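Input: a single structure, listed below in structure tokens.
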Amino acid sequence: MKTLCAVATDVNRVEVGAYDIRDPLPGELLIETFFSAVSPGTELRCLAGKEPNAGPFPMITGYSLVGKVLRGDGAIGSGDLVFAPGAAVVPEGVSRSWGGHIGHAIVPAASALRLAAGVDVLSASALAMLSIALHGVSRSRPSAGDRVMVAGLGLIGQMATMLFKHSGCQVAVCDPLADRRAIASPTGKNAYAHAPHWHTRVRCDFPDGFDVLVDTTGKAAVVAENLPLLRTKSWDNPYDPSPRLVLLASYPGSLSLDYQDTLFNKETEIVTCRNYLPHELRRALRLLETRSIDLRNILTTVLPATKASDAFLQLREHPEEQLTVVFDWQ
């Protein structure tokens, strides 16, 4: 069968065209894709040839899509709406990185997640990214009342901010872009521009520092700069938990952090994050189903899949203009 695909044919070059893919086998679903969401950090690294986990060019990127099942298997039947973490089958000669931007996705039935009636399908197209944010938040072990700073308000940073607030934390945010700060903090409370001397204002508002510092910028210099904002752990109270540094991004090369004052004296716990776990995907979906988390205010750029080349160019050259892009395959 033929289906439309957004294929990265070379470095920073995406072409949309019709390609042949094989028919589904027993145990596989055939999904007509409605929406696929771009994960800008990972996918722009793929297109630049700098993502170590990606396949060679030509490749199909993307790992978060929703659609309608055309051919079911087992508990998932034809007509069901499902989420899938990309496609398991891509055209011959094309690598799967992770095959999400495709008009018809063939996936193992076990990898798809049925959507409950009434769930916002557009929001569900970004379920994988919400699950990544949830993974980072869960690993930080937040408690109600914790003071949390989220540095970097791209897609994952916005989602992490929502999740920390949902956990009852007192959340502050930092980003150089006013539009992104306004999304995360519509009132402007505890929202800081990353500008010279901004730490002085933060310390006036949070004199004891933060229990959790979350970095989603992927910039080693920003991590080192913000690390002193963590609170100091008590030397006398054995029950005082350590402050946590949560690295919720990918960092090229090495991180250089002050040891004596900010790691040793604060007894800072460093939390790294790889990818979400299956149970976190289901938890994230429940948050959407119960409308505990609303992603519609951050998924504002929806374009026809035929515009994928222009969309990736815009994300690469003008990243400040949107958090991400969702492709409409209908």
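The values are calculated or read from the model by the stated rules, or taken from the named source; none is laboratory data. Because the structure is predicted, anything quoted here is derived from the model rather than measured. Here the Cβ positions follow ideal geometry from the backbone for every residue, glycine too, while neighbour counts run over all protein chains shown.
For the stretch 56-79, the set of residues classified as out of contact with any Leu (no Cβ under 8 Å at 6 or more places or on another chain) and modelled with pLDDT of 95 or more consists of Pro56, Phe57, Pro58, Met59, Ile60, Gly62, Tyr63, Leu65, Gly77, Gly79, listed by residue number.
Within the stretch 312-328, the set of residues being under 20 Å from Leu130 (Cβ atoms) and modelled with pLDDT of 95 or more comprises Leu315, Leu323, Thr324, Val325, Val326, Phe327, Asp328.
Each residue in the stretch 300-321 was checked for being surrounded by 20 or more Cβ atoms within 10 Å (Cβ to Cβ) and either outside the structural domain of Ala8 (by TED's automatic domain parsing) or more than 20 Å from Leu248 (Cβ to Cβ) (or both), and 4 of them qualify. Just one residue in the set Asp211, Asp240, Asp205, Asp215 is within 28 Å of Phe264 (Cα to Cα), out of contact with any His (no Cβ under 9 Å at 6 or more places or on another chain) and at pLDDT below 95; that residue is Asp240. One residue stands out among those in the stretch 128-163 that are farther than 16 Å from Pro40 by Cα and part of a loop (DSSP other than H, G, I, E, B): the one that is nearest to the chain's Cα centre (by Cα), which is Ser140. Residue pairs whose Cβ atoms lie under 7 Å apart, separated by 6 or more positions or on different chains, with the first residue in the stretch 309-330 and β-branched (Val, Ile, Thr) and the second part of a helix (DSSP H, G or I), are Thr324/Pro40; Thr324/Leu155; Val325/Ala311; Val325/Leu315; Val326/Leu122. Counting only residues that are in contact with a Leu (Cβ under 9 Å, 6 or more places away or on another chain) and assigned to a loop (DSSP other than H, G, I, E, B), the stretch 114-127 holds 7 of them. Restricted to the stretch 188-202, and to residues there that are surrounded by 12 or more Cβ atoms within 10 Å (Cβ to Cβ) and touching a helix residue (DSSP H, G or I) at 6+ places or on another chain (Cβ under 9 Å), the residue that is modelled with the lowest pLDDT is His194. Determine whether the stretch 219-237 contains at least one residue that is of a type in the set (Phe, Trp, Tyr) and in contact with a Cys (Cβ under 9 Å, 6 or more places away or on another chain). So far as the stretch 219-237 goes, no, none of its residues is of a type in the set (Phe, Trp, Tyr) and in contact with a Cys (Cβ under 9 Å, 6 or more places away or on another chain).
Can you find even one residue in the stretch 36-58 that is more than 17 Å from the chain's Cα centre (by Cα), surrounded by fewer than 21 Cβ atoms within 10 Å (Cβ to Cβ), in a strand (DSSP E or B) and of a type in the set (A, V, I, L, M, F, W, C)? No, the stretch 36-58 contains no residue that is more than 17 Å from the chain's Cα centre (by Cα), surrounded by fewer than 21 Cβ atoms within 10 Å (Cβ to Cβ), in a strand (DSSP E or B) and of a type in the set (A, V, I, L, M, F, W, C). Scanning the stretch 189-208 for residues that are more than 27 Å from the chain's Cα centre (by Cα) and either assigned to a loop (DSSP other than H, G, I, E, B) or aliphatic (A, V, I, L, M) (or both) turns up Pro196, His197, Phe206, Pro207, Asp208.
Taking Glu15 as the residue in question, decide whether it is charged (D, E, K, R), modelled with pLDDT of 95 or more and within 30 Å of Met159 (Cα to Cα). So Glu15 fits the description; yes.
Restricting attention to the stretch 1-35, the residues being among the aliphatic types (A, V, I, L, M), in contact (Cβ under 8 Å) with a residue 40 or more places away in the chain and not in a loop (DSSP other than H, G, I, E, B) number 9.
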